1. Taking R179 and the conditions (1) out of contact with any Leu (no Cβ under 9 Å at 6 or more places or on another chain); (2) modelled with pLDDT of 80 or more, which numbered condition does it fall short on, given that it satisfies the others?
2. Condition first: in contact with a Gly (Cβ under 8 Å, 6 or more places away or on another chain) and modelled with pLDDT of 90 or more. Can you find one or more residues in region 126-133 that meet it?
3. What are the residues in region 161-180 that are touching a Pro at 6+ places or on another chain (Cβ under 8 Å) and not in a strand (DSSP E or B), if any?
4. Any residue at all in region 230-237 that is within 20 Å of R116 (Cβ to Cβ), within 21 Å of the chain's Cα centre (by Cα) and at pLDDT 75 or above?
5. Out of the residues in region 181-209 that are assigned to a strand (DSSP E or B) and of a type outside the set (V, I, T), state the one that is farthest from L241 (Cα to Cα).
Amino acid sequence: MIQSDPDKCRVLIVESDEDVRAGLARELNHLGHEVTLERERSTALARADLAQFDLLVSDLVDHETAASTAADSVRSFKMAVTGLQARRTIAELHDIIEKTLLFKLQHIESDQKAVREKIELELPSDLTLMNAVLEYLLDRVARLGLIKVEQSNLFVALDEAFVNAVKHGNRNDPAKLLRVTAELSAHEAIFTVEDEGEGFDVRAIPDPRDPANLFKSNGRGVLLIYNIMDEVEYSERGNRLKMVKRPDNGAPAN
């Protein structure tokens, strides 16, 4: 058994396309990380050393079983951090995330066969990691033709959701994860942001429109989210936020 270099980040890439697998591996190898490749998700999840990886970059479907179903019309992507925050620096993780998302935008997402997309991200609570995530999500929404991103203030709503979850939910603790899910189609974009904090009661936030609260910052981000999104729903505990945005005219995108 080959011993891993403890000074290198271990990344597991699960991708059915051989060229994409090799290309992303080259990008991350250039950063000095140790990359392992698998073709199918089921094979990757069955690995005995799965817990030894710091980061997983994977499809959410198994292409061997999805080939004969409608699942091939769904583009899926997951990036999950496991033990990296305990041994690595945020700077290392930032470079991996930025390089991976940029590579996917340039090489993987060029086809338009998929009618739906599902994106799952599980990352340490650090706002420096969120810029690349925001750009990736907004690019995917724009490429689907779903929403005119520049006119929608979608960036503002997602940024507020991330800031609230990192700062107020997880208290800027990078050992706690931020879970972001995006489900995109021609009809709507659904985003969920979940933190590992204690939660809060959204009804208890002071209304920033009340003159008595004029100089209070509490609640302004939540109000922006409600004004920008078509649907907003907090979990009972308050640590999970679901937001829905639809085309401005209410019709599916072309």
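The values are calculated or read from the model by the stated rules, or taken from the named source; none is laboratory data. What you are looking at is a predicted structure, and each value in this text was computed from that prediction instead of being measured. We place every Cβ from the backbone using ideal geometry, glycine too, and count neighbours over all the protein chains shown.
1. Answer for R179: the failing condition is (1).
2. Of the residues in region 126-133, the ones in contact with a Gly (Cβ under 8 Å, 6 or more places away or on another chain) are none.
No; the residues of region 126-133 include none that is in contact with a Gly (Cβ under 8 Å, 6 or more places away or on another chain) and modelled with pLDDT of 90 or more.
3. Start the filter on region 161-180 by keeping residues that are touching a Pro at 6+ places or on another chain (Cβ under 8 Å), which leaves 174-178.
Residues satisfying the conditions are P174, A175, K176.
4. Of all residues in region 230-237, those within 20 Å of R116 (Cβ to Cβ) come to 230-231.
From the residues that got through so far, the ones that are within 21 Å of the chain's Cα centre (by Cα) too are 230-231.
When the remaining residues are screened for being at pLDDT 75 or above, the result is 230-231.
Within region 230-237, one or more residues are within 20 Å of R116 (Cβ to Cβ), within 21 Å of the chain's Cα centre (by Cα) and at pLDDT 75 or above.
5. Restricting attention to region 181-209, the residues satisfying the condition of being assigned to a strand (DSSP E or B) are 181-184, 189-194.
Checking the rest, the ones that are also of a type outside the set (V, I, T) come to 182-184, 189, 191, 194.
Values: A182: 12, E183: 14, L184: 16, A189: 14, F191: 8, E194: 6 Å.
Restricting to residues being assigned to a strand (DSSP E or B) and of a type outside the set (V, I, T), the top hit is L184.
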